[in-house]
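Written below as structure tokens is the structure these notes are about.
The values are calculated or read from the model by the stated rules, or taken from the named source; none is laboratory data. Model, not experiment: these values are computed from the prediction. Positions of Cβ are generated from backbone atoms using ideal geometry, with glycine treated the same way; all protein chains shown enter the neighbour counts.
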Amino acid sequence: MSDPFHAAAARLIVVKVGSTLLVDGESGLLRRVWLQSLCDDIAALGQDGNSIIVVSSGAIALGRRALKLKSGPLKLEESQAAAAVGQVRLAAAYAESFAARSIVAAQVLLTLGDTEERRRYLNARATLKTLLGLAAIAVINENDTVATAEIRYGDNDRLAARVASMMQADMLILLSDVDGLYSADPSRDAAAEHIASVAAITPAIEAMAGDSVSGFGRGGMASKIAAARIATAAGCEVLIAKGGENAIQAMRSGARYTRFPASTTPAAARKRWIAGVLKPAGALIIDAGAARALADGKSLLPAGIRQIDGRFDRGDAVLVKDSQGREIARGIAAYGAADAERIAGKRTAEIEAILGYRGRDEMIHRDDLALTLAVP
């Protein structure tokens, strides 16, 4: 099997690690040798030019041992207490392992609202983008300490898929205790066949995944298939692979995995979401020069704005209209209407003096803008 990383030309890769891989099931202790091998793999990817985000479980598993909690299902408040204790240990282990490889690690804890509510989504996305730009590895976990049953992702497979979608990742690697999807449970059926590639997630594919949950984790193959559905629709290729030591290097050397190809590109998926899903809360009227710049693939700067219509907040979708009132684009505003009115027609260098803070250079960044009409 060819190296998937070169074949996909993956710019940004999200790697998801489950509790059963990271924490020994009998002792409840961190599997440090395994973690070091993972960090070796990630360091190698970085040297090859890939940017990496890690989504890691393990906090509750580590915390329950430290607190001497009983085996079996925990009450919600016990899980939250275990997460609080275990997250400290988990973050320290990642920081130490990455530091030994001259990599800075960052801890990011997310709740469901951070990827579902636009303003919180934008803040989380901006933080992760900044960390990537500074060559730091973000280690993300669900914020189990504060998340209630009603506001949970439910498992970190889905969290990883949401992060991959939010960050327009090219690839999501879900490390598991098996080397991908089989036609039946391979631990029960010796005739089960490995599925190398899944072109579309059909009811038959979902039936193959079953509903099993193993070890410390809340996820199973079914949750990984659900995650693959989310990520591939957002333009992200998904690989499910066995999470042994140096698992990623093994994949690069020909180890088996199941591949779910993306149904579109990350950029195209985001543009489609902006153009057709978000409900505009206002409008920006721009001059001819700004309209031509948008047609050339550039961002919308405050200098090109002539009028603000409607009341909208930062992170809201807005229409972009030309001087004749024709809609030519839709985008996500980097400023609310009140601030936009103050900087409309002004140069980027004047923004800080006008608003009293250093905001974005663009009113709408080109990544957050979708053209809806050709500009003459």
Check your understanding: Out of the range 323-359, which residues are more than 14 Å from residue 282 (Cα to Cα) and among the acidic types (Asp, Glu)?
Key -> 350, 352
Review point. Looking only at the range 231-270, which residues are among the acidic types (Asp, Glu) and surrounded by fewer than 16 Cβ atoms within 10 Å (Cβ to Cβ)?
Key: none
Exercise for review: Answer yes or no as to whether residue 286 is over 23 Å from the mean Cα position of the chain (by Cα), crowded, with 16+ Cβ neighbours inside 10 Å and over 27 Å from residue 179 (Cβ atoms).
Suggested key: yes
Check your understanding: List the pairs whose first member sits in the range 80-97 and is assigned by TED's automatic domain parsing to the domain that holds residue 109, whose second member is surrounded by fewer than 21 Cβ atoms within 10 Å (Cβ to Cβ) and not hydrophobic (A, V, I, L, M, F, W, C), and whose Cβ atoms are under 6 Å apart, counting only residues at least 6 apart or on separate chains?
Key -> 80/145; 83/145; 84/145; 91/107; 97/36
Study note, to complete from the structure: Sole miss for residue 335 among (1) hydroxyl-bearing (Ser, Thr, Tyr); (2) surrounded by 19 or more Cβ atoms within 10 Å (Cβ to Cβ); (3) within 30 Å of residue 200 (Cβ to Cβ) is condition (3)
Check your understanding: Residue check, residue 310 against (1) buried (at least 22 other Cβ atoms within 10 Å of the Cβ); (2) more than 16 Å from residue 368 (Cβ to Cβ), all met but one. Which one?
Key -> (1)
Review point. Is it true that residue 223 is assigned by TED's automatic domain parsing to the domain that holds residue 72 and over 19 Å from the mean Cα position of the chain (by Cα)?
Key: no
Exercise for review: Considering every residue within the range 279-300, establish whether at least one is at pLDDT 90 or above, part of a loop (DSSP other than H, G, I, E, B) and in contact with a His (Cβ under 9 Å, 6 or more places away or on another chain).
Suggested key: yes
Exercise for review: Report, by residue number, each residue of the range 301-332 that is in a strand (DSSP E or B) and polar (S, T, N, Q).
Suggested key: 307
**Study point:** Unmet criterion (only one of (1) modelled with pLDDT under 95; (2) within 18 Å of residue 110 (Cα to Cα)) for residue 75
**Key:** (2)
Point to revise | Extreme residue, modelled with the lowest pLDDT, among residues of the range 16-43 that are of a type in the set (A, V, I, L, M) and surrounded by fewer than 17 Cβ atoms within 10 Å (Cβ to Cβ) | key: 29
